[in-house]
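The block underneath contains the structure these notes are about, expressed in structure tokens.
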Amino acid sequence: MNSTNRALNRLLLLIVGLLLVAVGAAAATAVLLPGVRDGWKASAGPVQRQVESWLQATPLGTTGVSWIMPAVLVLIVLAVILLLAFALRQGRGRTGTVVDEAVGEHGQTVISSKVAEEAIQDALSARPEFVASHVSTYRVKRTPTLKVSVTCRRGVSPADASAIVESSLKALDQLLGRELPALVQISGGFRARVSGSTRLQ
Amino acid sequence: MSTTSLRRRITRRELHSPRSTAAIVVAVLLILGLAWVGTEIVIALLGLPALLVAPADMFASAVNLPDAPAAIVVAAGAVVVVIGLVLVVLALAPGRRARHVLETERAATVVDSEVLASALARHASSAADVDPDHTSVSVSSRHAVVDLVPTTGIPVDRSAVSSAVERELAGYGLRRPVSSRVRVRESGKVGA
């Protein structure tokens, strides 16, 4: 429902995972396999000298330090900003309006998502089949979409639960004069397990 | 129609894990690691003593890795490889959630397998005349298995239970059909 970029999530996991596998395997083989170990040791000196010569070849003004370090610092700051943006973007996509359209030349009709959410929640909270219900509105492909999650009491038939929610959605359709796309999520969960089972047959 | 494509997108996303938790954990750990390295660089540039390891020492110990104690390096390497493999699996596995899609008229509907199981358990126990506490049902993506422990002395009509369960399942309108199996325990329980 939300606008989380799932491909990006998986891409990050894949890249970090492959990097960790590569680093871990390289470290282990460098110690375990004599061939790799000797090669690593032989190249250690030249690599160190090469890096030292780079650091000396890139002085930052007259301060005596290389500008490579501050450059690395800038890259690190950029990476941190990107990762923060990535982490904070998860789970977004809620919207506050379900209808926003211009009718004729007299103005605009805006319906807040609270109207739809509270209408459905009101209808559902009175039902004995559910221990809890929650309605929220998300923007899916630029279309406001309702998400109705209900937690069923133990033993309630999902067909009945779905019929109850659908009838309240249809009542809302009548009220608004249009059909909003909707997702109904029927779940059990902890509260359903500890609450009493249904007495409806 | 656009509503059917919208509905398909919503149900597909509801059936699979977004991997948000894992991605956020990895991102936060990366941020912490990078922030630490950045701080060490700043401190080194200011010429102050390092917090834990100076950047130059980090580089030197990476280059001279084979001289480090072998057991520690191998153990750490193995742990890192395992964590990496877990992340690769998380990235590539489908991550299906224990949910089912109902074919309904008005809205896209997803049901936790748990809810299906508890509804089936109620019907199975009343069809078998067995205490609900002695009925257990597990629902996977394609199968529902009903386990009954009969009350001692009262035989359970297996075909009646299985037809009741099948009637229930057919009535739900599951998009992916679920087949059912009823198992009646050999030994019953006294009382109840």
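The values are calculated or read from the model by the stated rules, or taken from the named source; none is laboratory data. Keep in mind that what you see is a predicted model, and the values were worked out from it rather than measured. Cβ placement follows ideal geometry from the backbone for every residue including glycine, while neighbour counts extend to all protein chains displayed.
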Q: Identify, from the list B:115, B:81, B:130, B:63, the residue that is β-branched (Val, Ile, Thr), at the interface with chain A (Cβ under 8 Å from one of its Cβ atoms) and in contact with a strand residue (DSSP E or B) (Cβ under 6 Å, 6 or more places away or on another chain).
A: B:115
Q: For the stretch A:39-70, enumerate the residues that are surrounded by fewer than 12 Cβ atoms within 10 Å (Cβ to Cβ) and free of Cβ contacts under 8 Å to residues at least 12 places away in the same chain.
A: A:42, A:45, A:46, A:49, A:50, A:53, A:56, A:57, A:61, A:62, A:63, A:64
**Q.** Which numbered condition residue B:141 fails, given (1) assigned to a helix (DSSP H, G or I); (2) under 23 Å from the mean Cα position of the chain (by Cα); (3) not aliphatic (A, V, I, L, M)
**A.** (1)
Q | Counted residues, the stretch A:30-54 - those being within 8 Å of another protein chain (Cβ to nearest Cβ) and not aliphatic (A, V, I, L, M) | A | 4
Q. Given the structure, is residue A:78 exposed (fewer than 15 other Cβ atoms within 10 Å of the Cβ) and either farther than 15 Å from residue B:63 by Cβ or without any contact (Cβ under 8 Å) to a residue 40 or more places away in the chain (or both)?
A. yes
Q. Counting just the residues of the stretch B:34-46 that are surrounded by 13 or more Cβ atoms within 10 Å (Cβ to Cβ) and more than 9 Å from chain A (Cβ to nearest Cβ), which one comes out nearest to the chain's Cα centre (by Cα)?
A. B:36
(Q) Being on the phi < 0 side of the Ramachandran plot and touching a Ser or Thr at 6+ places or on another chain (Cβ under 7 Å): is that true of residue A:120 here? (A) yes
Q) Quick one: how many residues across the stretch B:69-110 are surrounded by fewer than 16 Cβ atoms within 10 Å (Cβ to Cβ) and either touching a residue at least 24 places away in the same chain (Cβ under 8 Å) or in a loop (DSSP other than H, G, I, E, B) (or both)? A) 8
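To keep it simple, each residue is scored yes or no on (1) modelled with pLDDT of 90 or more; (2) more than 9 Å from every other protein chain (Cβ to nearest Cβ); (3) touching a Cys at 6+ places or on another chain (Cβ under 9 Å).
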{"position": "A:101", "(1), (2), (3)": "no, yes, no"}
{"position": "A:104", "(1), (2), (3)": "no, yes, no"}
{"position": "A:127", "(1), (2), (3)": "yes, yes, no"}
{"position": "A:149", "(1), (2), (3)": "yes, yes, no"}
{"position": "A:201", "(1), (2), (3)": "no, no, no"}
**Q.** residue A:11 vs. criteria among the aliphatic types (A, V, I, L, M), surrounded by fewer than 17 Cβ atoms within 10 Å (Cβ to Cβ) and within 30 Å of residue B:21 (Cα to Cα)
**A.** yes
(Q) Only one of A:78, A:12 is under 30 Å from residue B:91 (Cβ atoms), part of a helix (DSSP H, G or I), at the interface with another protein chain (Cβ under 8 Å from one of its Cβ atoms) and modelled with pLDDT of 90 or more. Can you tell me which? (A) A:12
Q) How about the stretch B:176-188: which of its residues are assigned to a loop (DSSP other than H, G, I, E, B) and surrounded by 14 or more Cβ atoms within 10 Å (Cβ to Cβ)? A) B:178, B:188
**Q.** Positions within the stretch B:19-49 being closer than 15 Å to residue A:91 by Cβ and touching a residue at least 24 places away in the same chain (Cβ under 8 Å), in sequence order
**A.** B:19, B:22
Q) Would the stretch B:47-54 turn up any residue that is buried (at least 16 other Cβ atoms within 10 Å of the Cβ), facing chain A (nearest Cβ under 7 Å) and not basic (Lys, Arg)? A) no
Q. Could you say which residue among A:57, A:7, A:22, A:27 is closer than 19 Å to residue B:71 by Cα and more than 7 Å from chain B (Cβ to nearest Cβ)?
A. A:22
